[in-house]
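As structure tokens, the structure follows; a few thoughts come after it.
The values are calculated or read from the model by the stated rules, or taken from the named source; none is laboratory data. This is a predicted model, so every value here is computed, not measured. Virtual Cβ from ideal backbone geometry, glycine too; neighbours counted across all protein chains shown.
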Amino acid sequence: MTTEALALPRSRAGGRIAAGIAQSKAVAVLAIVALIVLAWYAAVYPMNADLPSMPKEVPFAERFAAAYALDRPVLPAPHQVIAELWKTTVETRATSPRSLLFHGWVTLSSTLVGFALGSLLGIVLAIGIVSVKPLEKSLLPWIIASQTIPILAVAPIVIVVLGSIGLTGLVPKAIISMYLCFFPVTIGMVKGFTSPDTMQLDLMRTYSASGLQTFAKLRWPASVPFLFASLKVAVAISLVGAIVGELPTGAQAGLGARLLSGSYYGQTVQIWSALFASSILASGLVLAVALIERVTMRLMGARP
Amino acid sequence: MTVTTVAQAPGQDAGLASRRPVIAVEGLSLTFDTADGPVYALSNVDLTVEEGEFVSFIGPSGCGKTTLLRVLADLESATSGSARVNGVSPEEARLGRQYGYVFQAPALYPWRTVEKNVTLPLEIMGYPASERRERAKRNLELVNLTGFEGKYPWQLSGGMQQRASIARALSFDPKLLFMDEPFGALDEIVRDKLNDQLLALWRKTGKTVLFVTHSIPEAVYLSTRIVVMSPRPGRIIDTIDCNLPAHRTLDMRETPEFLAIAQRVRDGLRAGHSYDD
């Protein structure tokens, strides 16, 4: 019998080519980053030139340099944002309310709780939709309608209603996160649970397998790739939900509060650093999901 | 690998008297209602298959041979007529797990190793773990896949995957095997080898096999009986006894007896077509 179909070890030439591709990819990524930073620096002077805080009647070179060191610029320079990030993460105690780590953790904790609840809700709804036929027609329109309401309009209602029954802090924010992030999980998992083809399903039928067995041994494992695709979207928007949930609380803590207080007091550098912190957090979360996906798919025998 | 040992199957020399019909089909018709009007997939099919037989169904695409197999496996419901499998209705036979089904594609679950794929029906049927392992070992040996237990389907060639799917169908030891063009997607060299192995396996296990194909040499080489079908509406136009010696080798395909049967199958297929036009 043929045995040549066994996986060939990756050849050395293949390794070199892969390294070459990785290198050219890194060059491309760095080139794009450099372009963005350059465009940003170029925009700083024209954006800030007309501010009253700019020095007047001084040589142009001095004016130009001043535009990159203003306290409250319209557009801060990248190095100002990085300096602020450094100051508020490394040089400030993590427990201090001036620390971005403190605010980041406040947001992250409600993000994670909301993400967990939302994913669970999404999976449960998807199981309901695929296993009870009428639910697809009756439930799905409501699920879709729920996502057409702007979250900025819903968030204050949730905060106020839950606040009136004594729930404040993490829980209301987590619920807003959940509200946003269950949706992609539901849609993805409905697709995933129905992804097995006719032959795979017929096979279960020839064994006269129960619905539960077909679910556990076919539908669930077949949906795992769809689950991770949805979770990557869900974790990012659950961070958005947490930040939005922090806006109406009157800016106590969290990255959302940082954004809000920054805009109250015209602290643009603070706004930008909070913005950077949240995008770094989002990338980290998506990366973490991707990592778990890789490990899981490898354990499930996926082609490396 | 080649199988040279030829064991006489229990059903082979038991004599006609002890045989009982495993499949009994009478006046079976199946009409699919489609948007373009009804499609007559099967029309008035009569068929009896006895224990230990290897019956091939041959015919052009769309002649309903797969549909007939699916009706017997309770994957499709007949419009009229009756079908009995082991003396009961196809549904009862399916619920009683009385047959194994091999599909056109291996349909292995990609997240399961070869061994776990073979034990899938056993898990569903509630066999204990030790027996599952033991049966997987025995059936993988039967299809010459020993040593590949821990591999995932993508690490196997198409022919090996299809053999794993045969081991899976055999794992719970059904008396009856439905095979729907199992080697249709494989190249001729692999197909010849697998035909040889299937024949040896059939002799060894004495199972009743219903085998759908559209290869004439394959049908003549494997079968004790060949059922020739014609399309639209799918019906049986000829049933040919294929009484070649039990021990068959690939070079038998050049003998006059073999060619005579093949010719009769070809004539039947041609007659079916002219009727259709």
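Taking B:L68 as meeting all but one of (1) assigned to a helix (DSSP H, G or I); (2) within 14 Å of another protein chain (Cβ to nearest Cβ), write down the number of the exception.
For B:L68, the exception is condition (2).
Considering only residues that are of a type outside the set (S, T, Y) and either surrounded by 17 or more Cβ atoms within 10 Å (Cβ to Cβ) or modelled with pLDDT under 90 (or both), which ones fall in region B:99-109?
B:G100, B:V102, B:F103, B:A105, B:P106, B:A107, B:L108
Within region A:222-245, can one find any residue that is surrounded by 23 or more Cβ atoms within 10 Å (Cβ to Cβ), within 12 Å of another protein chain (Cβ to nearest Cβ), at pLDDT 95 or above and out of contact with any strand residue (DSSP E or B) (no Cβ under 6 Å at 6 or more places or on another chain)?
yes
On the basis of being away from chain A (no Cβ under 14 Å), within 19 Å of B:G268 (Cβ to Cβ) and modelled with pLDDT under 90, does B:L28 make the cut?
no
Please go through (1) loosely packed, with under 13 Cβ neighbours inside 10 Å; (2) touching a helix residue (DSSP H, G or I) at 6+ places or on another chain (Cβ under 6 Å); (3) of a type outside the set (A, V, I, L, M, F, W, C) for A:T111 and return the number of the only condition it doesn't satisfy.
(1)
Please find, among B:M179, B:M160, the residue that is more than 12 Å from every other protein chain (Cβ to nearest Cβ) and touching a Leu at 6+ places or on another chain (Cβ under 9 Å).
Numbers: B:M160 fails: more than 12 Å from every other protein chain (Cβ to nearest Cβ).
After applying the criteria, what remains is B:M179.
When region B:28-60 is examined, which residues are found to be surrounded by 22 or more Cβ atoms within 10 Å (Cβ to Cβ) and among the aromatic types (F, W, Y)?
If the condition is that a residue be surrounded by 22 or more Cβ atoms within 10 Å (Cβ to Cβ) and among the aromatic types (F, W, Y), then B:F54, B:F57 are the ones that fit.
Of all residues in region B:139-193, which are of a type in the set (F, W, Y) and within 24 Å of B:V55 (Cα to Cα)?
Hits for region B:139-193 are B:F172, B:F178, B:F183.
Here are some conditions: (1) within 13 Å of chain A (Cβ to nearest Cβ); (2) buried (at least 23 other Cβ atoms within 10 Å of the Cβ); (3) hydrophobic (A, V, I, L, M, F, W, C). B:C63 meets all but one. Which one does it not meet?
B:C63 satisfies all of (1) within 13 Å of chain A (Cβ to nearest Cβ); (2) buried (at least 23 other Cβ atoms within 10 Å of the Cβ); (3) hydrophobic (A, V, I, L, M, F, W, C) except (1).
Which residues, taken from region B:175-208, are touching a helix residue (DSSP H, G or I) at 6+ places or on another chain (Cβ under 7 Å), in a helix (DSSP H, G or I) and closer than 25 Å to A:Y207 by Cα?
B:L194, B:L198, B:L199, B:L201
Scan region B:71-94 for residues that are aliphatic (A, V, I, L, M), within 14 Å of chain A (Cβ to nearest Cβ) and either in contact with a Pro (Cβ under 7 Å, 6 or more places away or on another chain) or outside any strand (DSSP E or B) (or both) and report the count.
First, the residues of region B:71-94 that are aliphatic (A, V, I, L, M): B:71-73, B:75, B:78, B:83, B:85, B:88, B:93.
Now restrict to residues that are within 14 Å of chain A (Cβ to nearest Cβ): B:71-73, B:75, B:85, B:88, B:93.
Applying the additional criterion that residues be either in contact with a Pro (Cβ under 7 Å, 6 or more places away or on another chain) or outside any strand (DSSP E or B) (or both) yields B:71-73, B:75, B:93.
Qualifying residue count, region B:71-94: 5.
Being among the aliphatic types (A, V, I, L, M) and touching a Lys or Arg at 6+ places or on another chain (Cβ under 6 Å) is the filter here; which residues of region B:93-120 pass it?
Matches in region B:93-120: B:V114, B:V118.
Considering only residues of region B:143-157 that are polar (S, T, N, Q), part of a loop (DSSP other than H, G, I, E, B) and facing another protein chain (nearest Cβ under 8 Å), which is surrounded by the most Cβ atoms within 10 Å (Cβ to Cβ)?
Step by step, filter region B:143-157, then rank; the result is B:N144.
Considering only residues that are aromatic (F, W, Y) and more than 14 Å from every other protein chain (Cβ to nearest Cβ), look in region A:180-221 and name the one that is nearest to A:L117 (Cα to Cα).
Selected residue: A:F182.
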